[in-house]
Amino acid sequence: MKKLLVTGSSGLIGSEIVTYFDSLGWRIVGVDNNMRAEFFGPAGDTRWNQHRLEAECRSFSHRELDIRDRSGVLDLLEAEKPDMLVHTAAQPSHDLAAARPFDDFDVNAVGTLNLLEATRKAVPRSVFVHMSTNKVYGDRPNEIALKELETRWDYDDPAFADGIDESMSVDSCLHSLFGASKAAGDILVQEYGRYFDLKSCCLRGGCLTGPNHSGVELHGFLSYLVKCNLERREYTVFGYKGKQVRDNIHSLDVARCVEAFYENPGCGEVFNLGGGRANSVSILEAFKMAEERTGKAMSWTYSDTARRGDHMCYISDLTRLRTRLPGWDVRLSLDTIFDEIVEEWVRRKT
């Protein structure tokens, strides 16, 4: 039986990967210490998801471990000897990173280094998949010429008709401390792949979403938006007229991408991972999609101050991913994503 180790296993992507590979007959070891609750308070607590996995999965075991614990990480990998490690654990918020810079860097950069070095020492033939972020590009995407449409910003440069590809520079731009710590981890994964021949990749995710997200204001765009709508809570739009655009990908499509890389791995590879243009949506458009499903008007307020380094328009170009991993593609539509998020929040409230 193949063995998988997943960090951040109680989070959205981690739990989806646990469920998916459990269904394929893998043995899963999940690593999570519920630090999301410490970062975001009770609304960010993921213990419910841990308990769901323990109840529903056939071959899942939980390990309460902080990835900043270097010796603990090495001991775990030496004991478990996984065939693949999927690293989804992270401090995910721009705003929180500025308030807690050491915690942010120690989790996102040093924690990633701990896992890479432990993999190199304990299981050098394993596959290492790192959930990176498009925020490694900083605010560079805002330099692309844009056009203002009725409900969204869009690219006004034909070179970006399909979105942003992996050739975009990560240098000489504003990242936020979160973007900087994630970029450090991203580059380390690439270096361990190229220098030590570790089979590894960075998946530079856009808006990764799905029904098992514990969305909060500082992280989890669609999940939090739907939650606000259902609870008639006021949602704050930060700048750009509410026309800022993100492409959204369902967590199940992310899990399928991980499987595709395991079946055909490389060393130190980089892929932009998102929903592409078909799954792109602005905040104003997302309001309408939520209202259509719940029958409730969105309550929102507007702040002229955009978050520093926030993207006005980000759509992932999936050309390299589709070419390098043929057979993989986005299967779950934006409509399906909204349907599932609404259904899940309604279920949690009843």
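Only the coordinates and a few stated rules stand behind these numbers; no lab work does. Model, not experiment: these values are computed from the prediction. Heads up, the Cβs are rebuilt from the backbone with ideal geometry, glycines too, and the neighbour counts pull from every protein chain shown.
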Worksheet item: By how many nm would the segment from S23 to E150 lengthen if fully extended, with 0.36 nm per residue of separation less the alpha-carbon distance?
Response: 41.4 nm
Discussion item. Assuming 0.36 nm per residue, please report the length gained on full extension of the stretch R307 to H51 beyond their Cα-Cα distance.
Written reply: 88.7 nm
Worksheet item: By how many degrees, between 0 and 90 and to the nearest 10, does the Cα long axis of helix 221-230 differ from the longest principal axis of the chain?
Response: 60
Discussion item. Quick check: the distance between the Cα centres of the stretch 221-238 and the stretch 83-127, to the nearest angstrom?
Written reply: 29
Practice prompt. Can you run the Rg to Rh ratio on the stretch 78-227? Use alpha carbon positions and the Kirkwood inverse-distance Rh.
Written response: 1.01
Item to complete: Search the structure for amide H atoms under 5 Å from the amide H of L273, placed 1.01 Å from N in the peptide plane, and list their residues when 5 or more places away or on another chain.
Response: R204, G205, G206
Item to complete: Using only alpha carbons, build the gyration tensor for the chain and give me the equivalent ellipsoid semi-axes, biggest first, whole Å.
Response: 30, 23, 19
Worksheet item: How far apart, in nm, are the 7 Å Cα→Cβ label points at S169 and D69?
Response: 4.3
Worksheet, complete the sentence: For the chain, the charge dipole (Cβ of Lys, Arg +1; Cβ of Asp, Glu -1; about the Cα centre) points to a positive end, and the Cα of G239, V107, T46 closest to that extreme belongs to T46
Worksheet entry | Relative contact order %, the chain, counting alpha carbon pairs below 8 Å whose residues are six or more apart | 18
Practice prompt. With label points built 7 Å along Cα→Cβ from the Cα atoms of T323 and E143, find their separation and express it in nm.
Written response: 2.3
Response to the item:
proj_area_mean for the stretch 194-350 (convex hull on C-alpha atoms), units nm², value 10.2
Item to complete: Mind pulling the angle between the C-alpha long axis of helix 176-196 and the longest principal axis of the chain? Nearest 10 degrees, somewhere in 0 to 90.
Response: 40
Worksheet entry | Cα-projected label distance for T336 with E231, points at 7 Å along beta-carbon direction, nm | 2.9
Worksheet item: What stretch of the chain, leaving out the sites themselves, is the longest with no trypsin sites (Lys or Arg not before Pro) in a DSSP loop having at most 16 other Cβ atoms within 10 Å?
Response: 126-231
Discussion item. Can you give me the angle between helix 251-263 and the longest principal axis of the chain, using Cα atoms only, in degrees from 0 to 90, rounded to the nearest 10?
Written reply: 40
Worksheet item: Taking +1 at the Cβ of each Lys and Arg and -1 at the Cβ of each Asp and Glu, which of G295, A306, S23 sits farthest along the dipole of the stretch 3-349 towards its positive end, judged by Cα position relative to the Cα centre?
Response: S23
Worksheet item: If you place +1 on the Cβ of every Lys and Arg and -1 on the Cβ of every Asp and Glu, how big does the dipole about the Cα centre of the chain come out, in debye to the nearest 20?
Response: 500
Worksheet item: Taking other Cβ within 10 Å of each residue's Cβ, how do H175, H213 sort, fewest first?
Response: H175, H213
